[in-house]
Amino acid sequence: MSELEFNTSVDHEERVTLFADVLLPVPIPRAFTYRVPFEMNDRIGTGFRVVVQFGKKRILTGIVAGIHEHPPEEYEAKYILDVLDDRPMMNEQQLRLFYWISDYYMAAIGDVVNAAMPSGLKLSSESKIQLNPEFDPHKTDYEFSAKELLLLSMLEHRDMMTYAEVAQTLQMKSYLKIIKSLIAKEAILIFEEVKDRYSPKKETYIRLTEHWLDKEHLEVLMNELEKRPKQLDVLLAYLHEVPVFKDRGLNIRGVPKKKLMIRGLSESSLKTLIKHRVMEAYQIIVPRFDLSGGKKSYELTLTEAQQIAKEDILSQFEKHQTVLLHGITGSGKTEIYIEFIKELLEQGEQVLYLLPEIALTTQIVTRLQRVFGDRMGVYHSKYSDNERVEVWKGLIEGRFPLIVGVRSSVFLPFDNLGLVIVDEEHEFSYKQYEPAPRYHARDVAQMLGRIHNAKVLMGTATPSIETFWLAREKRYGYAELNERYGEAILPKIIFADLAKERREKTIKGDFTSLLIDKIGAVLEKNEQAIIFQNRRGYSHYISCEECGWIPKCHSCAVSLTFHMHYNQLRCHYCGHHEALPVTCPACGSSKLRTVGFGTEKLEEDLKILFPEARIQRMDLDTTRRKYSYQKIINDFEERNIDILVGTQMVSKGLDFDHVTLVGVFDVDRMLHFPDFRAFERTYQLVVQVSGRAGRKDKAGEVVIQTSNVKQPLLHYISYLHYEPFFDKEVEERFKYKYPPFYRLIRIMIKHKEKERAEQAAKALHERIRQLIHPELVLGPHEPMISKLRNLYLMEIMIKIPRGRMNLTEFKKKLLLAANITKQQKDCKQALIVFDVDPY
């Protein structure tokens, strides 16, 4: 990639014809070149947002990737329509990162830009209507209804109207019929008005007008208002909030209207005072979220073990760009991160603190807010478009030198980045699966660090196999933290033998008697418990006892999951849902039974077993709203919940002082999942959720329900033997050619016809076998789920020896092979999707 150059202002007298390479948020593999109008020559440069026409009808927001004087040879360049900014919204380092992501993950650069730009930075269009300039009501043979004439008369006095304004004017729900009729009669035209999606938040403030700041004038006014007590109440409330006679300058800002009206004052009385110019209302732009409260004098004292770990990290940073901090659960890694952040911010540098889950950001943000206050910006998908744009702009303006966010935060416009912290680096939530680009934020963070010459600190109690291997190979630095913070001790691991309890018939529902007794003991001591089941819903599926019928999704090759709360069967892949049948559609039997269990079923069972307990579920179904995570976590912290039932959300670094018991369900299913990472992920999930028990001075216990208490992995978990587990795992990985010794590229071929998908997969497979040793090309075969969203799937897996071939050139050849395959007559409609480092 050629170096991107920023365009300085150009002398108008030279009238140089400039062209801009513009990156568009559409799935195309390169920038499009547009001509810069002469009047925009001195307003445009790399990183500016521009409005351009793409195709015949589409108006898009693009990012200028470079300015030059060379027109495109393949097509005639269209003119840029407008420049949206007076300063760049993206910088050169960002664009370098975007191109790297595009190349490494085999994604179109347009897909990268689309993922990177918050929707609020893209333009939207709104349908509007206007009078047809050629329409003459006196020279038409059409007849018009009363409603049509009303709308035409309104348009005679207005340039345009939105659909909402039309509906309000006509006072009817079927206003679209009127619009269609007038279009057919050629009386009006419809058009799209393009506008910026982002709008700053404004708050109304109230203040006294200048005349009444005089004490004598105000006394006269108060005497007059004695006859109007509600208006007098408003005035007195304002003077209480804003003592203008002590400091006249306080009136300049006044008081927020909502703060004034919270006293129960009359809204109409305030409006009357404004109408008579006693008071005035004005608006100011305010932040959408308040993160104030940081203490400049906040003191944090590290323990001896933490201090040693910090010094080890600093020592390793002298030799390595990236350091792995391997600290057991509850060891206080966050305190070390805070120390590093404080030092970097004092030096005027920026810090990115990456977290794998929105649920985790809730608790971490609260802790960091106490230290850094409004110097911290929070960036994740639960925030609105406008909120994310404010963080983006706040980073550019220097208001947020610390960013805390999930994987998409790597796209933000850092320009002085000193440190990237990747907390819980092992988490597969850092991997983006759909849509493209299918990047891994942990690995993108490495490149982000290189581009900015910043350090990268990765922390976890359960490192990913690849990360620990790279640390062993001395490619990463390594530091340990092997004791819990304060007086806390590691929890005791206990195994509940499902096979034995089934034989003895001591199980109640899906709970062993051992776990039931432990929960009862915890509740008696007024402590808390977490129940972990990594599957939401009520049951895995339902089945007919007579004929064996199982309901399946019509669009995907999967069974539907039963959700009792909604009394529905739902597909967790495409979102399809349908009512629970009363009888079997196949044989008519009413004997329908549930099979398996999810978090919803466990929640119901617990309410029966412990009717006095306060039980809450935390999974995707209960956390869809913006502040759902925060409310559940706050309620649990404040001990308004006794038992929290959850999926993997409850395993990710949350810290609760009064949790002394964790129950783990379905560990056998996780172990036998058909995936080469099954053991690694089971180890990580169980150790992480176990780490929620026994914080501070309270001893904790973990009950793991299993049918095979002699499973070797459970032995590693019970003693927290990570290195023996790692050694065994890499031995298997080396033998069967998996990461970290081989890189993987998964190719998914999709088509609405099964035969066409198979045909395209076979054709592509033959071409790939000519590029690499055939033994390293697996497939083509149907994946575990062979149909999704009405598309049939075929899969090819490629294993690439690490360090033994030019990966960049090989990827180019793969893309070429895919393009050639799609040119075949029967393969033109096939979708070919590349996923680099897929797991």
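The values are calculated or read from the model by the stated rules, or taken from the named source; none is laboratory data. The shown structure was predicted, so the numbers you read here are calculated from the model rather than taken from an experiment. Don't worry about glycine lacking a Cβ; one is built from the backbone with ideal geometry, like all the others, and counts go over all protein chains shown. Ligands, DNA and RNA are stripped out before the accessible areas are found, and what is left, the full protein with its side chains, is counted by its heavy atoms. Shrake-Rupley method; radii C 1.70, N 1.55, O 1.52, S 1.80 Å.
Which members of segment 46-79 meet the condition of being in contact with a helix residue (DSSP H, G or I) (Cβ under 8 Å, 6 or more places away or on another chain), closer than 21 Å to P27 by Cβ and among the hydroxyl-bearing types (S, T, Y)?
Passing the criteria: only T61.
Note down all Cβ pairs under 6 Å where the first residue falls in segment 502-513 and is within 18 Å of N708 (Cβ to Cβ) and in contact (Cβ under 8 Å) with a residue 24 or more places away in the chain, the second is of a type in the set (V, I, T) and open to solvent by less than 50 Å² (accessible area, probe 1.4 Å), and they're at least six residues apart or on different chains.
Every condition considered, no pair remains.
Okay, residues lined up against (1) touching a Ser or Thr at 6+ places or on another chain (Cβ under 6 Å); (2) open to solvent by less than 60 Å² (accessible area, probe 1.4 Å); (3) of a type outside the set (F, W, Y):
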site: V595; (1), (2), (3): yes, yes, yes
site: G598; (1), (2), (3): no, yes, yes
site: D605; (1), (2), (3): no, yes, yes
site: F610; (1), (2), (3): no, yes, no
site: A613; (1), (2), (3): no, yes, yes
site: Y627; (1), (2), (3): no, no, no
site: I632; (1), (2), (3): no, yes, yes
site: I643; (1), (2), (3): no, yes, yes
site: Q648; (1), (2), (3): no, yes, yes
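Within segment 30-59, take every residue that is open to solvent by 60 Å² or more (accessible area, probe 1.4 Å) and in a loop (DSSP other than H, G, I, E, B) and give me the one that is farthest from L81 (Cα to Cα).
Within segment 30-59, the match that is farthest from L81 (Cα to Cα) is R30.
Of all the strands (runs of 3 or more DSSP E) wholly in segment 602-721, which have at least 2 residues that are farther than 30 Å from E387 by Cα? Steps first, please.
Details: elements: 615-618, 643-646, 659-664, 701-706.
Result: 643-646, 659-664, 701-706.
Hey, any hits in segment 476-499 for a residue that's hydroxyl-bearing (S, T, Y), in contact with an Asp or Glu (Cβ under 6 Å, 6 or more places away or on another chain) and either touching a residue at least 24 places away in the same chain (Cβ under 8 Å) or on the phi > 0 side of the Ramachandran plot (or both)?
Of the residues in segment 476-499, the ones hydroxyl-bearing (S, T, Y) are 476, 478, 485.
Filter again for in contact with an Asp or Glu (Cβ under 6 Å, 6 or more places away or on another chain), leaving none.
Scanning segment 476-499 turns up no residue that is hydroxyl-bearing (S, T, Y), in contact with an Asp or Glu (Cβ under 6 Å, 6 or more places away or on another chain) and either touching a residue at least 24 places away in the same chain (Cβ under 8 Å) or on the phi > 0 side of the Ramachandran plot (or both).
State which residue is nearest to Q316 (Cα to Cα) when the search covers only segment 465-479 and only residues that are open to solvent by 30 Å² or more (accessible area, probe 1.4 Å) and in contact with a Ser or Thr (Cβ under 9 Å, 6 or more places away or on another chain).
Among residues in segment 465-479 that are open to solvent by 30 Å² or more (accessible area, probe 1.4 Å) and in contact with a Ser or Thr (Cβ under 9 Å, 6 or more places away or on another chain), the one nearest to Q316 (Cα to Cα) is Y476.
Looking at this structure, is F734 open to solvent by 80 Å² or more (accessible area, probe 1.4 Å) and not charged (D, E, K, R)? Lay out the reasoning, then the answer.
Numbers: open to solvent by 80 Å² or more (accessible area, probe 1.4 Å): yes; not charged (D, E, K, R): yes.
Yes.
Can you run down the residue pairs with Cβ atoms below 7 Å, 6 or more apart or on separate chains, where the first is in segment 260-272 and touching a residue at least 60 places away in the same chain (Cβ under 8 Å) and the partner is in a helix (DSSP H, G or I) and open to solvent by less than 40 Å² (accessible area, probe 1.4 Å)?
The qualifying pairs are L270/V234.
Could you check segment 60-76 and list, in sequence order, the residues that are open to solvent by 20 Å² or more (accessible area, probe 1.4 Å) and either part of a loop (DSSP other than H, G, I, E, B) or within 21 Å of W392 (Cα to Cα) (or both)? If you could, list the steps in order and put the result at the bottom.
So the first thing to find is which residues in segment 60-76 are open to solvent by 20 Å² or more (accessible area, probe 1.4 Å), and the list is 60, 67-76.
Selection gives L60, E69, H70, P71, P72, E73, E74, Y75, E76.
Yes or no: G588 over 27 Å from the mean Cα position of the chain (by Cα) and open to solvent by 10 Å² or more (accessible area, probe 1.4 Å)? Lay out the reasoning, then the answer.
Working: over 27 Å from the mean Cα position of the chain (by Cα): yes; open to solvent by 10 Å² or more (accessible area, probe 1.4 Å): yes.
Yes.
If you take the residues of segment 354-396 that are of a type in the set (A, V, I, L, M, F, W, C) and open to solvent by 10 Å² or more (accessible area, probe 1.4 Å), which of them is farthest from S628 (Cα to Cα)?
Looking only at segment 354-396, we keep the residues that are of a type in the set (A, V, I, L, M, F, W, C), and these are 354-355, 358-360, 364-365, 368, 371-372, 376, 378, 389, 391-392, 395-396.
Okay, now just the ones that are also open to solvent by 10 Å² or more (accessible area, probe 1.4 Å), so 358, 365, 396.
Numbers: I358: 10, V365: 15, I396: 30 Å.
The qualifying residue farthest from S628 (Cα to Cα) is I396.
For I80, all conditions in the list (1) farther than 24 Å from K393 by Cα; (2) over 24 Å from the mean Cα position of the chain (by Cα); (3) buried (at least 22 other Cβ atoms within 10 Å of the Cβ) hold save one; what is the number of the exception?
Going through (1) farther than 24 Å from K393 by Cα; (2) over 24 Å from the mean Cα position of the chain (by Cα); (3) buried (at least 22 other Cβ atoms within 10 Å of the Cβ) one by one, I80 breaks only (1).
Somewhere in segment 13-29, is a residue part of a helix (DSSP H, G or I), at pLDDT 90 or above and crowded, with 16+ Cβ neighbours inside 10 Å?
Restricting attention to segment 13-29, the residues satisfying the condition of being part of a helix (DSSP H, G or I) are 13-14.
Among the residues that remain, those that are also at pLDDT 90 or above are: none.
No, because not a single residue in segment 13-29 is part of a helix (DSSP H, G or I), at pLDDT 90 or above and crowded, with 16+ Cβ neighbours inside 10 Å.
Can you pull out the residues in segment 194-213 that are of a type outside the set (S, T, N, Q), over 30 Å from G62 (Cα atoms) and either in contact with a strand residue (DSSP E or B) (Cβ under 9 Å, 6 or more places away or on another chain) or at pLDDT 90 or above (or both)? I'd like the intermediate steps shown before the answer.
Step one: filter segment 194-213 for residues of a type outside the set (S, T, N, Q), giving 194-198, 200-203, 205-208, 210-213.
Narrowing further to those that are over 30 Å from G62 (Cα atoms): 203, 205-208, 210-213.
Listed by number, the residues that qualify are E203, Y205, I206, R207, L208, W212.
Within segment 686-724, can you find the residues that are farther than 17 Å from H672 by Cβ, more than 31 Å from the chain's Cα centre (by Cα) and aromatic (F, W, Y)?
Matches in segment 686-724: Y719 only.
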